Amino acid sequence: MSQIDIQNALRTDRISEQNSSIVFAVLILSSFIVNALSRNVDHQILSVSTNVLLAWIDEGSSAIATCCLLPLLGYFNRIHPIAGVSKSVWIPKYIIASLAFSLLHILGMKLIRLTIYPIAVGQEYSFHANVFETFFYEYRKDLITFSILMLGFMLSRELEHKKLETSVNREDAKEKKRITIKCGGRTIWINAEDVIWAKAAANYVEIRTADKTLLARSTLANIEEQLQAAGVEISRVHRSYIIDASKVREISPTGEGDARIQMIDDEIIPGSRRYKNAWPSH
């Protein structure tokens, strides 16, 4: 991997962490508002006499403490990925991290309450007598929060890296006139001009060249973009097919608005009337 590739990967990681943290912060703060309002409404329904500010301080302190920990969670997820790592390695790490997250979350919200209570409601904040009971009570909830946040960071990171990979492949196709595909755990490069046609097959794409057929873990749209970037005269003639227009041997109308497109390898490709404007005209 070149220095540029490393820099791009690191920049992608930062972008995914920033985007995830912003989304999480909005969701956490929204939940804080809903929970505080609901708690005060419940008190009114049950005729419980209490200062309405207590709900806002309690819920708000938890939300703020969680938001402050988001950068640390993103960093931990980056340096301790799960993909390709044995469960016996990553599970203990994530259990320890969840315990640390819960401890920091509890300390953070307790510190905020100790500071705000005397100012806002004129009383001291009191700790629960049993520290261990308090921790495990909070940990049950924090473990769920931790798991959701970790999953979110992982999915966001995967999405951003796929975008980066697509962009890199497109640039490579433009410069070197080749397409990049994943096939059976391998990375294969194919000269763009060798591709005759490609067909979508569930989560894969079947790619036909003059001498072989390859099954790539990709989308048809991704292959189409790479071929276009490489300067190939590519045409989408059907929802599930793209062809090199320069490699068409014959087009025969079916009489129903569709067509049968014969390629130079004698493969018959269906031409859909919906894509008629993209059919080769020569």
Kirkwood hydrodynamic radius (C-alpha pairs) into Stokes-Einstein, region 17-104, 25 °C and 0.890 mPa s, D in µm²/s: 161
Shape parameters for region 1-151, alpha-carbon atoms, Rg then Dmax in Å: 18.7, 67
Ranking of Thr180, Thr66 by count of other Cβ atoms within 10 Å, fewest first: Thr180, Thr66
Nearest-ten-degree value, helix 220-229 long axis tilted from longest Cα axis of the chain: 70
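Under 8 Å for C-alpha pairs, at least 6 residues apart: give me the relative contact order for the chain, rounded to a whole percent.
Result for the chain is 13 percent.
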Cα long-axis angle, helix 52-79 against the chain (0 to 90 degrees, to the nearest 10): 40
Value of D in µm² per second that Stokes-Einstein yields for region 80-221, Kirkwood Rh from Cα pairs, at 10 °C (1.306 mPa s): 79
Alpha-carbon Rg/Rh ratio, for region 177-278, with Rh computed the Kirkwood way: 0.96
Gyration tensor verdict on region 69-149 (Cα atoms; rounded if a/c is under 1.5, prolate if a/b is larger than b/c, oblate otherwise): prolate
Cα→Cβ-extended label distance, 7 Å offset, between Ser281 and Lys212, nm: 3.7
Proxy reagent accessibility, fewest Cβ within 10 Å first, across Ser102, Ser31: Ser31, Ser102
Surrounding net charge for Met263, when Lys and Arg each add one and Asp and Glu each subtract one, Cβ distance under 12 Å: 0
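When the Kirkwood radius is taken over all Cα pairs of region 159-205, what Stokes-Einstein diffusion coefficient follows at 20 °C and 1.002 mPa s, in µm²/s?
Here the translational diffusion coefficient equals 182 µm²/s.
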Partner lysines for Lys93 [C-alpha distance under 22 Å; skip if fewer than 8 residues away on the same chain]: Lys141
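For the chain, what does the helix formula give at 222 nm: sum of -39500 (n - 2.57) over DSSP H segments with n ≥ 4, over the residue count, nearest 500 deg cm²/dmol?
That comes out to -21000 deg cm²/dmol.
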Phi to ³J(HN,Hα) by Karplus 6.51 cos²θ - 1.76 cosθ + 1.60 over region 244-255, Hz, x for Gly, Pro: 7, 4, 7, 10, 8, 8, 7, 10, 10, x, 8, x
For Tyr125, residues with placed amide H under 5 Å, excluding near neighbours: none
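Evaluate the relative contact order of region 179-282 (contact order divided by residue number), counting alpha-carbon pairs under 8 angstrom at least 6 apart; express in whole percent.
Relative CO of region 179-282 lands at 20 percent.
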Least to most buried among Phe136, Phe24 (fewest other Cβ within 10 Å first): Phe136, Phe24
Extended-chain gain in nm, criterion 0.36 nm per residue less alpha-carbon gap, Glu171 and Ser30: 46.7 nm
5 Å-binned pair-distance histogram of region 194-235 (Cα, whole percent): 6, 26, 33, 26, 9, 0
More than 29 Å apart - percent of Cα-Cα pairs taken over the chain: 56
Cα long-axis angle, helix 131-176 against the chain (0 to 90 degrees, to the nearest 10): 20
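No lab work stands behind these numbers, since they all come straight from the coordinates. Note that the structure is a prediction, hence the values are computed from the model and not measured. Backbone-built Cβ (ideal geometry, glycine too); neighbour counts: all protein chains shown.
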